[in-house]
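I have placed the structure first, in the form of structure tokens, so that the comments after it can refer back to it.
The values are calculated or read from the model by the stated rules, or taken from the named source; none is laboratory data. All values derive from a computational prediction rather than experimental measurement. Please note: Cβ atoms are built from the backbone with ideal geometry, for glycine as well, and neighbour counts cover all protein chains shown.
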Amino acid sequence: MKNLVVILCVALLAGACSKSSTTKTASGGKAAKPEKGWISLFDGKSFDGWKVGKNADSFKIEDGAIAVNGPVGHLFYMGSVKDHNFKNFQFKAKVMTLPGSNSGMYFHTQYQEESWPKKGFEVQVNNSHTDWRRTASLYAIQDVKETYVKDNEWYTEEIMVQGKKVTIKINDKVVNEYTEPEGVDRPKDMAERKIGSGTFALQAHDPKSKVYYKDIMVKVLPD
């Protein structure tokens, strides 16, 4: 009986060690396995399915995450999921900002070689930059002044689009909701910021900003 107890303890300990050896640190590591209905857009080790034009060096992979740091550039999803053309969806990523950093996640956009994307919307990533528009702002459309998360900590930022409604969550909490009015008339320099369809992009804002993205996923919703 005593020998049986010893054997069981050894087996349990071995199992725990095995499980521990496959656990990755919060700083990056292996891409998370998508939950039911979610599709991973980033494999944690390559830019397969993604494309960037000017200032491509502003995007690197560090410890399983996309590190965004450098002159203005945008990394666009151009992969096979939904032929990179999304209308109704849920999109989420784990994000970490360093102090004073600024970035953004675009949706309903399209590939551009350089400059700020003209088409689609930017959802702000900014917890302490001098720009007052904080994380979860629908940039220059419906902005958020409050700061909900801290620098140097991973958090989840989620965008959901259904019809004309945009919902933005931080760590599963709704912090911004916007419904586009029928026949909305934007200023000339924002003429293409309208609900439609398109792909996603990550923004490199400036050389002093460094932001990390990982576990980038989408769930396609019915049109």
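Of all the residues in the stretch 129-154, those that are under 18 Å from the mean Cα position of the chain (by Cα) and outside any loop (DSSP other than H, G, I, E, B) number 1. Each residue in the stretch 99-118 was checked for being surrounded by fewer than 16 Cβ atoms within 10 Å (Cβ to Cβ) and among the hydrophobic types (A, V, I, L, M, F, W, C), and 1 pass. Taking the listed residues Asn126, Asn55, the one that is modelled with pLDDT of 95 or more and in contact with a Pro (Cβ under 8 Å, 6 or more places away or on another chain) is Asn55, with no other qualifying. Which one is nearest to Gly163 (Cα to Cα), of the residues in the stretch 113-125 that are assigned to a strand (DSSP E or B) and not acidic (Asp, Glu)? In this case the residue turns out to be Phe121.
Quick check: anything in the stretch 179-189 touching a residue at least 40 places away in the same chain (Cβ under 8 Å) and surrounded by 13 or more Cβ atoms within 10 Å (Cβ to Cβ)? Walk me through how you get there before you give the answer.
Within the stretch 179-189, the subset touching a residue at least 40 places away in the same chain (Cβ under 8 Å) is none.
Looking through the stretch 179-189, none of the residues is touching a residue at least 40 places away in the same chain (Cβ under 8 Å) and surrounded by 13 or more Cβ atoms within 10 Å (Cβ to Cβ).
Only a single criterion out of (1) under 20 Å from Pro99 (Cβ atoms); (2) in a loop (DSSP other than H, G, I, E, B); (3) among the charged types (D, E, K, R) is not satisfied by Glu157, namely (2).
The set of residues from the stretch 68-112 being part of a helix (DSSP H, G or I) and in contact with a Phe, Trp or Tyr (Cβ under 6 Å, 6 or more places away or on another chain) comprises just one member, His84.
Ile61 meets all of the listed conditions (1) of a type in the set (A, V, I, L, M, F, W, C); (2) in a loop (DSSP other than H, G, I, E, B); (3) out of contact with any strand residue (DSSP E or B) (no Cβ under 6 Å at 6 or more places or on another chain) but one, namely (2). Check whether at least one residue in the stretch 150-157 is of a type in the set (Phe, Trp, Tyr), out of contact with any Ser or Thr (no Cβ under 8 Å at 6 or more places or on another chain) and farther than 25 Å from Ala65 by Cα, and report yes or no. No, there is no match, as no residue in the stretch 150-157 is of a type in the set (Phe, Trp, Tyr), out of contact with any Ser or Thr (no Cβ under 8 Å at 6 or more places or on another chain) and farther than 25 Å from Ala65 by Cα.
Among the residues of the stretch 148-164, none qualifies, meaning not one is without any contact (Cβ under 8 Å) to a residue 24 or more places away in the chain, within 26 Å of Glu62 (Cβ to Cβ) and among the hydroxyl-bearing types (Ser, Thr, Tyr). Name the single residue that is farthest from His205 (Cα to Cα) among those in the stretch 48-64 being without any contact (Cβ under 8 Å) to a residue 24 or more places away in the chain and surrounded by fewer than 16 Cβ atoms within 10 Å (Cβ to Cβ). If we take residues in the stretch 48-64 being without any contact (Cβ under 8 Å) to a residue 24 or more places away in the chain and surrounded by fewer than 16 Cβ atoms within 10 Å (Cβ to Cβ), then Lys60 is farthest from His205 (Cα to Cα). Residues in the stretch 186-213 that are assigned to a strand (DSSP E or B) and under 20 Å from Val72 (Cα atoms): Thr199, Phe200, Ala201, Leu202, Gln203, Ala204, Val211, Tyr212, Tyr213.
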